[in-house]
Each structure stands twice: as structure tokens, then as C-alpha cells.
Amino acid sequence: MFGVAFVVDRNMKRNVLDFKAVDERIYILKIKTKFHNQGFINVLAPAEEKDGIENEAHCQKMEEAYYIRHPNDIKPLLGD
């Protein structure tokens with residue numbers, strides 16, 4: 001229904017530590033790397049036609065997803 005996804009190479013599959021859906025538009029993928037962990041946050045923003053209340057709620061969920069990760073993780077934010 002929505003366009004949020006991660007593609008993980010089969011060689012990296014063993015390094016996946018966690019995959020979490022915050023909601024249908026926000027997903028988090030945590031990967032173990034040599035020196036630290038990376039928590040990728042993939043977001044599909046609501047369409048511009050949506051009302052301000054829905055946009056504000058989405059931004060709040062996105063902020064919560066960002067801060068839910070360990071403070072030492074690198075957290076790139078992906079999306080449209």
C-alpha cells in the first residue's frame with residue numbers, strides 16, 4: 001500500500017540486529033557494523049493534501065523513532 005522498504009543484500013543479512021515498524025509509514029532497520037551500529041530510519045511522508053493534524057502526528061512519530069535508538073548509533077534518515 002505504501003512505498004516504504006529496505007533491501008538487504010544476502011551477505012549483510014547476518015548483520016541485521018533489528019527491524020521495527022513504528023507505523024505503516026515509518027520503519028527502522030538496525031545493522032551491526034565493524035565499529036558501531038547503524039539504525040536506518042525509512043519514512044514515507046504524508047501527501048501535501050493531508051491536514052495539519054495528520055502531518056503533525058506523523059512528525060511526532062518520526063521524532064520518536066529517531067530518539068528510540070541508542071544514542072551512540074549512527075542514525076541516517078531516509079525517505080521522500
Quick one: which residues, 5 or more positions from A45 or on another chain, have an amide H under 5 Å from its amide H? H modelled 1.01 Å from N in the peptide plane, none for Pro or chain starts. D80
Quick check: pseudo-label points 7 Å beyond the Cα along Cα→Cβ at A21 and D9, how many nm apart are they? 2.7 nm
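In region 1-42, what trypsin sites (Lys or Arg not before Pro) fall in a loop by DSSP, with at most 11 other Cβ atoms inside 10 Å?
In loop regions of region 1-42 (DSSP not H, G, I, E or B), the sparsely surrounded trypsin sites (Lys or Arg not before Pro) are R10, K34.
How long is the gain from E56 to K32 if the chain were fully straight, where each residue apart is worth 0.36 nm and the alpha carbon distance is subtracted? Numbers along the way, then the final one.
Working: separation 24, 0.36 × 24 = 8.64 nm, distance 3.18 nm.
Result for the pair: 5.5 nm of gain on full extension.
Only the coordinates and a few stated rules stand behind these numbers; no lab work does. Worth saying up front: this structure is predicted, and the values here are computed from it rather than measured. Using ideal geometry, Cβ is built from the backbone for each residue, glycine included, and neighbour counts are taken over all protein chains shown.
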